[in-house]
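Encoded as structure tokens, the structure appears first; notes follow it.
Since every read-out is calculated from the coordinates, none of them should be taken as a lab result. Keep in mind it's a predicted model, so treat the numbers as computed, not measured. Virtual Cβ from ideal backbone geometry, glycine too; neighbours counted across all protein chains shown.
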Amino acid sequence: MLFVLLLELPLTTALFAEASLLPVAINTITPPLLMGLIVLFTSAPGEANTKTIQKSYRRYHR
């Protein structure tokens, strides 16, 4: 996140002559927050899914 701030503030200032902190904060916080929510609410497929994929692969790739 520090890397984003190091890039976002100077680039925004260079392109738009001034940097408003609210958009910079939103652009900095939103991606890691969304990634965290995705990690919290998803899980890896189970063993049954792996077996189904293996069966399908064997059927079509002999």
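Cα centroids of region 47-62 and region 16-46: how far apart, whole angstrom? When both Cα centres are located, 36 Å separates them. Label sites at F41 and R59, each approximated as a point 7 angstrom past Cα along Cα to Cβ, lie 3.2 nm apart. Computed packing ranks the peptides 36-46, 3-13 as 3-13, 36-46, most packed first, by mean other Cβ atoms within 10 Å.
Taking 0.36 nm per residue of sequence separation and removing the Cα-Cα distance, the I29/L15 pair yields an extension gain of 3.0 nm. Couplings 3J(HN,Hα) of region 28-39, computed from phi: 7, 8, 4, x, x, 5, 5, 4, x, 5, 4, 5 Hz, in residue order, whole Hz [Karplus 6.51 cos²θ - 1.76 cosθ + 1.60, θ = phi - 60°; x for Gly and Pro]. Binning the alpha carbon pair distances of the chain at 10 angstrom intervals from zero yields the distribution 18, 26, 17, 14, 15, 10, 0, expressed in whole percent.
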